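**Q** Please read through the structure below; I'll follow up with questions.
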Amino acid sequence: MRRPIVAGNWKMHKTAAEAVELVEGIKSLVAGLDVEIVVCPPFTCLETVCAALADSAIGLGAQNMHWERQGAFTGEISSDMLLAAGCSYVLLGHSERRQFCGEDDSLVNRKLACALQAGLCPIVCVGETLQEREAGRIEEVVLGQVGGAIAGIEAGAASAVVWAYEPVWAIGTGVTATAAQAEEVHAMMRHFLAGHLGKAADEVRIQYGGSVKPENAAELFAQANIDGGLIGGAALDAGQFAAIVKAAL
Ligand code: PEP
């Protein structure tokens, strides 16, 4: 039985004061729900949001981290810094980082190894572009990203990864994958993971992400291999985010 997990990716939104206002709203709406809930504010809000979450079961995540524990990497943030700021989760390989910051599978792999070693729960994002989908390359691209992320990582450790299938064409566009389209890829990912992890793949959580809204969340989350969602735009509104969390119950 996999516990659903719903995470909010706030991207480059919210000052610390705005973040507290949002998280206070979310807290009051989701208290007591049996769903693993995570918020991922910008780095500058982490400690403030951590303090605001002290009386709540909501987990704190970052949107990125460096692959080294420390060193001369100007402008970067390490896993130890995230842990000290109160994070338990970290998003890795988000398509916006792949697209705008040149992150590739080998970089995601190094970050993933570092996050697992540090004891953070990684949420690794994978997904194809519209061009790749239309060229019939979904399996090759998505499974290539999954395999690339866990390359060389021992199965026991890799079993702790949470995955987010996020078709790039559905992120921030208002276009959602249909429940059937999403389920097909999730099932493919679980089958692929079983080849690496064996039975443990049955316990691995795979979120769907890409224009999830209160109106479409229930149908997506009802699919056999969809274990919650990674939410962008709708995570910036406490009411919408809470409604999506409730859809995962
Ligand atoms: C995301 O950024 O991970 C995402 C899914 O965004 P949105 O929900 O806005 O499509």
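The values are calculated or read from the model by the stated rules, or taken from the named source; none is laboratory data. Given the structure is predicted, the values throughout are model-derived calculations rather than measurements. With ideal geometry, Cβ positions are generated from the backbone for all residues, glycine too; neighbour counts draw on all protein chains shown. Note: accessible area is taken over every heavy atom of the protein model, side chains too, but ligands, DNA and RNA are not part of it. Shrake-Rupley method; radii C 1.70, N 1.55, O 1.52, S 1.80 Å.
**Q** So which of 191, 196, 186 is in a helix (DSSP H, G or I), in contact (Cβ under 8 Å) with a residue 12 or more places away in the chain and open to solvent by 10 Å² or more (accessible area, probe 1.4 Å)? Break it down stepwise before answering.
**A** Values: 191 fails: in contact (Cβ under 8 Å) with a residue 12 or more places away in the chain; 186 fails: open to solvent by 10 Å² or more (accessible area, probe 1.4 Å).
Unique residue meeting the criteria: 196.
**Q** Could I ask something else about it? Specify which of the listed residues (19, 31) is in contact (Cβ under 8 Å) with a residue 12 or more places away in the chain, open to solvent by less than 30 Å² (accessible area, probe 1.4 Å) and away from the ligand (no atom under 16 Å from the Cβ).
**A** Numbers: 31 fails: open to solvent by less than 30 Å² (accessible area, probe 1.4 Å).
Answer to the selection: 19.
**Q** Kindly provide the set of residues from region 41-81 that are acidic (Asp, Glu) and over 21 Å from residue 245 (Cα atoms), ordered by number.
**A** Just the residues of region 41-81 that are acidic (Asp, Glu), to begin with: 47, 55, 68, 76, 80.
Hits for region 41-81 are 47, 68, 76, 80.
**Q** Residue by residue through region 62-103, note down the ones that are farther than 13 Å from residue 122 by Cβ, within 16 Å of the ligand (Cβ to nearest atom) and either crowded, with 18+ Cβ neighbours inside 10 Å or free of Cβ contacts under 8 Å to residues at least 40 places away in the same chain (or both).
**A** Hits for region 62-103 are 95, 96, 97, 98, 100, 101, 103.
**Q** For residues that are touching a strand residue (DSSP E or B) at 6+ places or on another chain (Cβ under 9 Å), closer than 15 Å to residue 79 by Cβ and open to solvent by 10 Å² or more (accessible area, probe 1.4 Å), scanning just region 119-170, find the one that is farthest from the ligand (Cβ to nearest atom).
**A** 160
**Q** If I go through region 173-218 residue by residue, how many of them are within 16 Å of the ligand (Cβ to nearest atom) and hydrophobic (A, V, I, L, M, F, W, C)? Talk me through it step by step, then tell me what you get.
**A** Just the residues of region 173-218 that are within 16 Å of the ligand (Cβ to nearest atom), to begin with: 173-179, 181-182, 185-186, 205-218.
Filter once more, keeping what is hydrophobic (A, V, I, L, M, F, W, C): 175, 177, 179, 182, 185, 206, 212, 217-218.
The number of residues fulfilling the criteria is 9.
**Q** Can you report the number of residues in region 110-147 which are touching a residue at least 40 places away in the same chain (Cβ under 8 Å), closer than 18 Å to residue 170 by Cβ and not aliphatic (A, V, I, L, M)?
**A** Counting residues in region 110-147 that are touching a residue at least 40 places away in the same chain (Cβ under 8 Å), closer than 18 Å to residue 170 by Cβ and not aliphatic (A, V, I, L, M) gives 6.
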